[in-house]
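Shown next, in structure tokens, is the structure this report addresses.
Computed from the coordinates by the stated procedures, all read-outs in this text should not be read as laboratory data. From a predicted model like this one, the values you see are computed outputs, not experimental measurements. Note: ideal-geometry Cβ built from the backbone for every residue, glycine included; neighbour counts use all protein chains shown.
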Amino acid sequence: MSNLNLFVTLCAAFPQDLDSVAVETVDASAPGLRYSWRDLDRATAMLANLLDSLELPPQSRIAVQVEKSVEAMVLYLATLRAGHVFLPLNTAYQRAEIEYFIGNAEPAVVVCSPKNFGWVSKIAFTAGTRHVFTLGDDRTGSLLERAVHHGDRHTPAQKGDDDLAAILYTSGTTGRSKGAMLTHGNLRSNALVLRDYWCWQPDDVLIHALPIFHVHGLFVAIHGALINGSKMLWLSSFDPKAVLERMREATVFMGVPTLYVRMLAEPGLTPQQAAHMRLFISGSAPLLIETFNEWKSRTGHTILERYGMSETIMLTSNPCAADPRHSGQTERRGGTVGFPLPGVDLRVMDDAGLPVPPGEIGGIQVRGPNVFSGYWRMPEKTAEEFTVDGFFKTGDVGRIDERGYVTIVGRSKDLIISGGYNVYPAEIEGFINELPGVAESAVVGVPHPDFGEVGVALVIAKPGVALDESQIIATLKAQLANFKIPKRCFVVRELPRNAMGKVQKNLLREQHTHLFV
Ligand code: MLC
Ligand code: AMP
């Protein structure tokens, strides 16, 4: 029986010369480090052997909240190799958020930054986790100290397509986060499709500048490079100047729109600087047509926009080369997210559950080998999000034009996408409503020049209470990930409501739409 472990597929694509460079760190603040393909193989084997030695139950969750580093990526690959389930957590998450994720996922192993060991280990041990390791971004910590005592050969765990590989938490409209369960089959099928659709070549070089705790940086970028045996230039955090400098030796870049906006602010962005590049990819949030056009005029390159989600990985993409399914079209159309990827069924439906005519707007539903297997321990929620014929309701609203291009026009879910991170107003409102003196609140997204969209909070005080806006923000900062904090907070006397008594968020958005732009 062939082993369908994703790690095996990735490893099979390593180049023949295992001593060539697979990853090179390129941070301005630290000397560059080079990792060969052989290093990746041996380091993942040592970590997988360490995990094996812990004699964990099959499919144990390995929860990881650490700063970005090559070793953190190696830990992800080792988790696949050992056959366990990777659970990445954004480093911005605070105590209450981590407490929820660990309590909900019940990981057998937690890996955290050395500086957070005190509080994270307390939460983990209380929740029944047996093993807590540390991993710093400078190769320090107990995880690597323990791993060096293990052998550098390891037979990857036998896996099938339906076996779980990762759980990605994504917030919900109710404010409660759900763990999207992704299988080896989901991840592998998507990586293979993107390899062909984006015309990857072994001599491609990817600039990796995204965080590695979400779909974009962890799966799309890392799998893309590994499954093509392509080198990565690795930045521990996004730095527009460093990316520009490295474009001369790279060919592929992936970013959320904010990254493109910030690079456009650099005078050094010229056609010459970008001449060596083959492909610029954008996703995770809407790319403004102004950014798309300005990028073209400043660099000569047409950004390829694609669309995806934690639950589905990548769904659609503008073409990289002629798409034979769409009469050989090659055009990357700004404002659209392109065509459904090969193997992805995508349809646009009305509220009654019927397909809308071409060009008309409706809810986007998808089906395919990339679509997740459900929300962790939430069977009812999973059932709600799928149709009887097996399509997942994305919560995005869009249309398909007569040429087959998909455009996202909005969302039926109440969601703010800020700098590529999702913020669910219901979660923030829940925290604000708990603050002393608060009667009620509403959080809405408004346009922002850097982050695309940011949250603004409107708060009503209880009778006789004087609320301080900056105090509300400061209190939230201690409880929530920083990107979720509303950029402004206003104390108001009332909120606009419709006849049913529901807060009219569209009116609030309109009132505050020019707050930042
Ligand atoms: C940082 N800040 C943000 C923010 N990021 N505010 C709103 N939205 C964001 N995304 C705020 C912090 O709260 C802080 O505020 C200040 O900015 C500085 O923080 P920082 O950490 O130094 O910011 P910076 O390093 O500049 O980060 C910005 C960024 C980062 C754009 C580089 O947000 C980022 O890497 N975004 C990418 C997200 C991503 O990978 N998404 C993919 C999801 S997958 P203060 O007040 O504390 O100073 C997905 C599926 C798909 O969606 O299709 O891909
Ligand atoms: P996440 O839950 O973090 O995976 O975010 C997924 C959501 O990001 C999708 O449901 C979309 O709303 C949004 N998204 C991703 N890519 C794009 C894009 N290119 N254009 C518009 N929205 C996008």
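How big is the Rg/Rh ratio for the range 304-351, C-alpha atoms only, Rh by Kirkwood, two decimals?
Working: Rg = 11.3 Å, Rh = 11.4 Å.
Result for the range 304-351 is an Rg/Rh of 0.99.
Given Cβ point charges of +1 (Lys, Arg) and -1 (Asp, Glu) and nothing else, what value in debye, to the nearest 20, does the dipole of the range 60-157 about its Cα centre take?
The dipole magnitude comes to about 180 debye.
Round to the nearest 0.05 the FRET efficiency obtained for PHE490 and LYS296 when R0 = 41 Å and r is the Cβ-Cβ distance.
Values: r = 38 Å, r/R0 = 0.93.
Here the calculated transfer efficiency is 0.60.
For the range 6-183, state what percent of all Cα-Cα pairs lands in each successive 5 Å bin, counting from 0 Å until the bin that includes the largest distance.
1, 8, 17, 20, 21, 16, 10, 5, 2, 0, 0
Which whole-Hz couplings ³J(HN,Hα) result when phi for each residue of the range 42-57 is put into the Karplus expression 6.51 cos²θ - 1.76 cosθ + 1.60, θ = phi - 60°, listed in order with x for Gly and Pro?
5, 5, 5, 5, 5, 5, 5, 5, 4, 4, 4, 5, 7, 6, 7, x
Quick check on the range 130-174: take the gyration tensor over C-alpha atoms, sort the square-rooted eigenvalues as a ≥ b ≥ c, and tell me if it's rounded (a/c under 1.5), prolate or oblate.
Oblate, because a/c is 1.5 or more while a/b does not exceed b/c.
How many angstrom lie between the C-alpha centres of the range 305-362 and the range 224-290?
24
Taking the Cβ of LYS381 as the centre, find all other residues whose Cβ is under 14 Å away and add up their charges (Lys, Arg: +1; Asp, Glu: -1).
So the surrounding residues net to +1.
Which far-off residues, 5 or more places away or on another chain, put their amide H under 5 Å from the one on TYR169, with H placed in the peptide plane?
Answer set, sorted by chain and number: ALA180.
Give, in nm to one decimal, the length gained when the segment between LEU507 and ALA352 is fully stretched (0.36 nm per residue of separation minus the Cα-Cα distance).
Answer, rounded to one decimal: 53.2 nm.
If you take every residue apart from GLY398 with its C-beta less than 12 Å away from the C-beta of GLY398, what net charge results, scoring Lys and Arg +1 and Asp and Glu -1?
0
Take each of the peptides 7-19, 78-90, average the number of other beta-carbon atoms within 10 Å over its residues, and list them starting from the highest.
Peptide ranking by packing, descending: 78-90, 7-19.
Could you give the distance between the Cα centres of the range 100-123 and the range 380-415, to the whole Å?
Each part's Cα centre sits 34 Å from the other's.
Only helical DSSP H runs with n ≥ 4 go in: add -39500 (n - 2.57) per run for the chain, normalise by residue count and round the 222 nm mean residue ellipticity to 500 deg cm²/dmol.
Helix contribution divided over all residues of the chain: -8000 deg cm²/dmol.
Would you mind checking the pairs LYS68/LYS122; LYS178/LYS241; LYS122/LYS393; LYS296/LYS484 and listing those with alpha carbons more than 26 angstrom apart?
LYS178/LYS241; LYS122/LYS393; LYS296/LYS484
For ARG488, list long-range residues whose amide hydrogen, built 1.01 Å from N in the peptide plane, is under 5 Å from its own amide hydrogen.
Sorted by chain and number, the residues that satisfy this are ALA457.
For LYS462, give me every one of the aspartates and glutamates with a C-alpha distance below 17 angstrom, ignoring sequence neighbours fewer than eight places off in its own chain.
Hits, sequence-local ones excluded: GLU429, GLU434, GLU440, GLU494.
Neighbouring Cβ atoms within 10 Å as the yardstick, rank SER297, SER441 fewest first.
Taking fewest neighbouring Cβ atoms as first place, the list is SER297, SER441.
Using a simple charge model, +1 on the beta-carbon of Lys and Arg, -1 on the beta-carbon of Asp and Glu, nothing else, what dipole does the range 1-53 show about its Cα centre, in debye to the nearest 20? Before the final figure, lay out each step's value.
Numbers: 3 positive and 7 negative charges, 15 e Å.
With only Lys, Arg, Asp and Glu charged at Cβ, the dipole is about 80 debye.
Taking 2.2 N^0.38 Å as the expected size of a compact globular protein, what ratio does the Cα radius of gyration of the chain give against it, to two decimals?
Relative to the 2.2 N^0.38 Å estimate, the chain comes out at 0.97.
Just check the range 229-358 against the gyration tensor rule for me: Cα atoms, a ≥ b ≥ c as the square roots of the eigenvalues, rounded for a/c under 1.5, and otherwise prolate or oblate depending on whether a/b exceeds b/c.
Values: a/c = 1.97, a/b = 1.91, b/c = 1.03.
Here the range 229-358 falls in the prolate category.
Charges at C-beta only: +1 for Lys and Arg, -1 for Asp and Glu. How large is the resulting dipole of the range 195-280 about its Cα centre, in Debye rounded to 20?
Value, rounded to 20: 60 debye.
Taking H as built 1.01 Å from N, whose amide H comes closer than 5 Å to the amide H of THR316, not counting residues under 5 places away?
Those lying under 5 Å, H to H, from THR316 are TYR307, LEU341.
Straight distance only, please: which lysines reach the Cα of LYS502 with their own Cα at less than 18 Å, same-chain residues fewer than 8 apart left out?
LYS413
Which one of LEU187, VAL406, ALA108 is farthest out on the positive end of the charge dipole of the chain, using unit charges on Cβ (Lys, Arg +1; Asp, Glu -1) and the Cα centre as origin?
ALA108
Classify the range 79-238: rounded, prolate or oblate, from the alpha-carbon gyration tensor (a ≥ b ≥ c, eigenvalue square roots; a/c under 1.5 rounded; otherwise prolate if a/b is larger than b/c)?
prolate
So what is the diffusion coefficient of the range 344-418 in µm² per second by Stokes-Einstein at 10 °C and 1.306 mPa s, using a Kirkwood Rh over Cα pairs?
121
What order do you get for 99-112, 460-473 when each peptide is scored by the mean count of other beta carbon atoms within 10 Å, highest first?
The most tightly packed comes first, giving 99-112, 460-473.
Provide the packing ranking of 408-419, 202-213, i.e. peptides ordered by the mean count of other C-beta atoms within 10 Å per residue, highest first.
So the order, starting with the most tightly packed, is 202-213, 408-419.
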